[in-house]
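Okay, so here's the structure we're looking at.
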Amino acid sequence: MIKKEKTSKDNLIDVINLLEELNIKYWVDGGWGVDILIGKPNRDHRDIDIDFDSESEEVLLDALKEKGYKITTDWSPSRIELHHPELGYLDIHPLIINQDGSAKQAAPDGGWYEFEAKWFSTAVFEDRVIPCISAEAQKLFHSGYELREVDKIDMKNLDSLIPKLLHNT
């Protein structure tokens, strides 16, 4: 079977609509998160990265499976990658959300990734406000590994946002 290797803006909106219908607290991360921050699609995306409240993991997985997604990679409790033949890849990251708005995500090596409360943001995309990970956090998440070409595009887009963000504060 040939696997769909690109996710479209329509696929993104479909996933966001599902999360909102299920009343799941979420934030778009990764390449689509960068595109949401800048307000428009800027490159092709293999997958959609979603950070979400881990308390909703079972509900989310059940809904995705019902929609036709199948798990392709299970690195629980860190991340789960799913694929749908028509909708493409979805990479979900369960977060334990603290009362102060910060969060943590299990790391594959057994440690934790810590998320500061200020990293949880929103941006307007397709005339709607969408929860996403901030430019500051996205830049941090793009460090510590050799950047691929798509990561370089994301970094350039994030760099173009930083002066605007500093100017608006």
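The values are calculated or read from the model by the stated rules, or taken from the named source; none is laboratory data. This structure is a prediction, so every number in the text was calculated from the model and none was measured. Cβ placement follows ideal geometry from the backbone for every residue including glycine, while neighbour counts extend to all protein chains displayed.
Overview of values
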{"quantity": "Given (1) under 24 Å from residue 105 (Cα atoms); (2) modelled with pLDDT of 95 or more, index of the condition residue 67 fails", "calculated": "(1)"}
{"quantity": "Qualifying position, being of a type in the set (S, T, N, Q), over 20 Å from residue 161 (Cα atoms) and not in a strand (DSSP E or B), among 105, 99, 138", "calculated": "99"}
{"quantity": "Only listed residue being more than 18 Å from residue 12 (Cα to Cα) and either loosely packed, with under 15 Cβ neighbours inside 10 Å or within 15 Å of the chain's Cα centre (by Cα) (or both), chosen from 146, 86, 126, 81", "calculated": "146"}
{"quantity": "Any hit, the stretch 105-112, residues being surrounded by 12 or more Cβ atoms within 10 Å (Cβ to Cβ) and either in contact with a helix residue (DSSP H, G or I) (Cβ under 7 Å, 6 or more places away or on another chain) or hydroxyl-bearing (Ser, Thr, Tyr) (or both)", "calculated": "no"}
{"quantity": "Filter result for residue 153 (hydrophobic (A, V, I, L, M, F, W, C), within 17 Å of the chain's Cα centre (by Cα), surrounded by 11 or more Cβ atoms within 10 Å (Cβ to Cβ) and outside any strand (DSSP E or B))", "calculated": "yes"}
{"quantity": "In the stretch 1-27, the residues that are under 21 Å from residue 142 (Cα atoms) and touching a Pro at 6+ places or on another chain (Cβ under 7 Å)", "calculated": "26, 27"}
{"quantity": "Neighbours by Cβ (under 9 Å, 6+ apart or cross-chain): first from the stretch 117-130, closer than 14 Å to residue 41 by Cβ; second part of a strand (DSSP E or B) and among the polar types (S, T, N, Q)", "calculated": "130/122"}
{"quantity": "Among residues of the stretch 27-63, those that are over 14 Å from residue 151 (Cα atoms), of a type in the set (Gly, Ala, Ser) and surrounded by 17 or more Cβ atoms within 10 Å (Cβ to Cβ), counted", "calculated": "2"}
{"quantity": "Residue match in the stretch 101-115 (condition: within 27 Å of residue 70 (Cβ to Cβ) and touching a Lys or Arg at 6+ places or on another chain (Cβ under 6 Å))", "calculated": "no"}
